[in-house]
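Data block below; observations after.
No lab work stands behind these numbers, since they all come straight from the coordinates. No experiment lies behind these values; they were computed from the predicted model shown. Neighbour counts run over all protein chains shown; Cβ positions are idealised from the backbone, glycine included.
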Amino acid sequence: MESSMFQAPLAISYLFTTKEIGVQTYIANKLFTFPEQEVDFYLPQLISMYIHIPELATLIFPYLKQRCIKSAEFSLQVVWLLKSYSSDAHLTSKKKSDGTKLKTLILSDKLRPRSFHDREVVKHPLTAPSPNKKAHQRSQSDASALIVGQASAEAAENSSTCLGDLRSGRAFNTGCTCFNTHRGMVNNLKGRQTSCICSAPRLEGEVQFVDKLLAIGHLLPEVSGGKEAQAIRLRAEIDQINLNLPARVWLPIHSSSIPHHVLHISTAFSAVLNSKDKAPFILYVEVLEVDNIETSPVPQKMLNALRSTKSEENLLTNERPSPSNTSQNLATMLHSNSMGMLYPYDNDDCWTQEDDEISQQYVNKMKTDRDTISQISLESSDSRDMMVAAGDIRRRLSSAFSDPRTLARRRDPEDPSANVLSEPWMDKVQRIRDSSPYGRLANWRLLSVIIKCGDDLRQEMLAAQMLEMLQNTWKDEKLALRLRPYKIVCLSADSGFIEPVLNSVSLHQIKKQHQMSLLEYFHANFGPPNSEEFLEAQQNFVASCAAYCVVCYLLQVKDRHNGNILLDDKGHLIHIDFGFILSTSPRNLGFETSPFKLTQEFVDVMGGEESDMFRYFKLLILQGLLAARKHMDNLLILVEIMRSGSQLPCFKSGAATVQALKNRFHLTLTEEKLERLVDKMVCNSLDSLSTNLYDRYQYITNGIL
């Protein structure tokens with residue numbers, strides 16, 4: 001165990017399989033020596049062991065405790081995983097108690113860093129100025145020096161009265177000013193650490209931010225009037241959240257790779273995704289990349305962030321919906337009680353007499369919105385009574401929206417999200433940045449997130465781990481196979497955040513919008529058959545199709561209709577939605593019996609069954625399986641740990657689930673025999689009757705082409 005080969009994967013495996021308390025203790029202590037990023041990959045497995053194996057909970061606790069003290073982000077990852085995996089009804093009260101105790105301990109804010117600063121006076125905290133003062137009257141002399149005790153009292157009062165209240169404009173503000181003092185600013189510029197000395201809640205702001213987003217996800221399915229009505233309601237809810245931003249909050253799906261603070265959510269580009277029963281939605285979020293989520297100063301609020309939202313939407317569309325029953329149903333829900341959100345901003349330089357007038361205009365307009373049905377729509381092009389952004393923002397936006405590529409896109413009333421999703425990512429980034437008052441900040445970034453409620457994403461998270469491990473394996477083996485793993489953050493047993501796959505479109509949308517075959521779509525987008533761009537896209541298609549064939553076979557991925565298969569702008573095939581893997585299938589109908597989905601259209605893109613690319617495709621599948629079985633133990637342990645004590649549908653066959661997965665690696669077959677097996681699987685999958693039946697079933701029931 002002192003060998004350099006003893007890394008996190010082996011440690012997690014031994015921790016789960018060994019029964020020797022001495023060995024378990026040693027490994028638990030060894031966790032402190034591994035890179036945090038390596039251990040974080042196995043965090044779902046660690047939390048599962050913490051909940052289901054009481055004797056390990058005691059050993060794992062010191063590591064979790066230290067990491068929670070060190071990081072608010074890690075603390076909440078642990079809390080959300082505990083919520084997700086402690087919800088199973090079959091758990092004993094003792095096991096539930098272990099998870100609940102740790103969750104309560106973290107949320108009580110008792111696991112936080114100690115302040116090493118002496119108890120000095122905190123001079124010139126950047127508190128909000130008085131609302132009655134004009135810009136020329138405000139200066140830093142308005143702020144009285146506060147001692148630590150006063151700072152603590154103020155933080156406690158602010159957080160208790162404002163946290164979670166969207167009407168306050170400070171719903172995510174914990175009341176802490178330690179990092180926005182002059183000392184905090186200087187320390188940030190010099191790379192020094194600043195400690196919080198006011199004892200403000202460390203986690204509650206982010207908890208409230210995530211809860212408000214999830215509340216929208218639970219609310220939208222109840223909105224009558226179809227996708228358009230849901231889209232209007234979504235934008236209304238996002239408007240309320242925006243009035244409480246910027247804040248020390250982040251998107252947990254991106255925070256580990258891009259530490260950031262949320263500045264603003266693009267209302268105009270928010271969209272409800274196509275789903276029969278649920279209402280998942282996608283958000284495009286402006287953030288400021290920072291050195292440290294917890295200690296970097298939060299950007300100052302800009303009034304233009306309020307003013308630009310309406311202008312952005314007016315320029316996004318030239319449509320003006322007529323009054324309807326849908327509008328009448330929505331009349332009472334838009335911006336209810338949002339007047340209280342307008343509060344003094346931290347930026348002393350941006351609030352002027354003109355801004356006070358604009359604020360009053362906003363209030364009057366919001367009152368009119370609640371009383372006048374004809375002005376309900378958030379996409380109205382009549383801006384005479386509405387706030388507008390600064391002239392330069394309007395001019396830049398007008399130029400962006402006159403782009404022929406923008407005008408060529410058409411709204412699909414059955415799937416309003418298609419228009420938003422079809423735009424190239426860099427075009428979207430530029431348009432949103434041009435329209436944003438925060439766009440000139442050097443570290444401005446645009447991030448996207450899908451929020452899904454009402455679905456259990458724990459199986460998806462396990463599949464995402466498997467995909468990432470397989471992709472790393474093939475990369476280490478220098479194989480051409482290409483997967484596109486995406487991140488999943490489970491927030492509870494029925495909600496979570498999903499990382500969107502950028503610059504991609506589903507095969508369903510290709511067929512619906514373009515009404516052409518996949519090969520014709522390749523020619524239209526990548527050029528004639530012998531062009532360099534087409535050949536590169538074709539090679540990308542083959543490498544990715546082969547990779548997902550291996551994944552679909554090993555994990556027995558089902559529900560492979562054309563809405564769950566994407567094509568990106570480089571020709572890569574990408575599978576999404578791994579809700580049915582291992583032992584489960586949609587409604588347990590067992591339609592999809594072939595090893596993987598391989599339609600005639602896929603083979604046509606490769607050049608046909610007699611082509612060199614098709615032979616290359618089969619070779620890649622063989623290479624992928626050979627490499628995967630060399631690392632089989634690392635893959636199996638992910639599943640074995642998560643199966644222990646779990647009631648997830650993918651484990652309904654119990655221990656047989658893991659054994660069946662192991663059998664699919666075919667350890668006893670020689671390379672020649674495995675090659676013959678691959679040929680047989682390809683033959684059985686090509687234009688399979690079961691695949692065609694399932695596609696037909698999806699078309700009849702859900703309209704998926």
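Quick notes on this one:
- Charge sum, other residues only, whose C-beta stays under 15 Å from S583's C-beta, Lys/Arg counted +1 and Asp/Glu -1: +3
- For the listed peptides 526-532, 49-55, a ranking on the average number of other beta carbons within 10 Å per residue, highest first, reads 49-55, 526-532.
- One way to sum up the overall shape of region 527-584 is the equivalent ellipsoid from its Cα gyration tensor, whose semi-axes run 27, 11, 6 Å, largest first.
- From the Kirkwood radius over Cα pairs of region 472-581, Stokes-Einstein at 25 °C and 0.890 mPa s returns a whole-number translational diffusion coefficient of 161 µm²/s.
- Distance-filtered residues of region 614-656 - backbone nitrogen under 12 Å, label point 7 angstrom along L677 Cα→Cβ: 622, 625-630
- Region 53-67 residues near the modelled T25 label - backbone nitrogen below 18 Å, point 7 Å along Cα→Cβ: 54-64
- Computed from the Cβ-Cβ distance with R0 of 30 Å, the FRET efficiency linking A660 to F32 stands at 0.25.
- Convex hull volume of region 189-261 per residue (C-alpha atoms, cubic angstrom): 127 Å³
- FRET efficiency estimate (nearest 0.05) - Cβ-Cβ, F41 to H218, R0 41 angstrom: 0.85
- The alpha-carbon positions of region 1-70 define a convex hull whose volume is 81 Å³ per residue.
- One chain, two ends: K478 and L502. Fully extended at 0.36 nm per residue, the span grows by 6.1 nm beyond their Cα-Cα distance.
- Using C-alpha pairs under 8 Å with a sequence gap of at least 6, the mean separation divided by the residue count of region 490-613 gives a relative contact order of 28 percent.
- Protection proxy ranking of 217-228, 658-669, 279-290 - average other beta-carbon atoms within 10 Å, highest first: 279-290, 217-228, 658-669
- Table column - 3J(HN,Hα) (Hz), region 636-648, Karplus curve with 6.51, -1.76, 1.60, x for Gly and Pro: 5, 5, 4, 6, 4, 5, 6, 6, 4, x, 8, 10, 4
- Residues of region 481-503 with amide N under 17 Å of a point placed 7 Å along Cα→Cβ from L686: none
- Given +1 at the Cβ of Lys and Arg, -1 at the Cβ of Asp and Glu and no other charges, the dipole of region 499-702 around its Cα centre is 980 debye to the nearest 20.
- Per-residue HN-Hα couplings for region 197-211 [Karplus 6.51, -1.76, 1.60; θ = phi - 60°; Hz; x = Gly/Pro]: 10, 9, 6, 5, x, 8, 10, 5, x, 5, 4, 5, 4, 5, 4
- Length gained when the stretch K101-D577 is fully extended (0.36 nm per residue, less Cα-Cα span): 168.1 nm
- Size of charge dipole - region 8-107 - debye, nearest 20, with Cβ of Lys, Arg +1 and Asp, Glu -1, no other charges: 340 debye
- Segments 435-441, 38-44, 573-579 sorted - mean Cβ within 10 Å per residue, highest first: 573-579, 435-441, 38-44
- Selection among S255, Q230, L243 by position relative to the dipole of region 197-267 gives S255 as farthest towards the positive end (Cβ unit charges, Cα centre).
- Normalised Debye scattering of region 499-702 at q = 0.08, 0.12, 0.13, 0.16 Å⁻¹ gives log10 I(q)/I(0) of -0.29, -0.65, -0.76, -1.13, counting only Cα atoms as equal scatterers and leaving out solvent.
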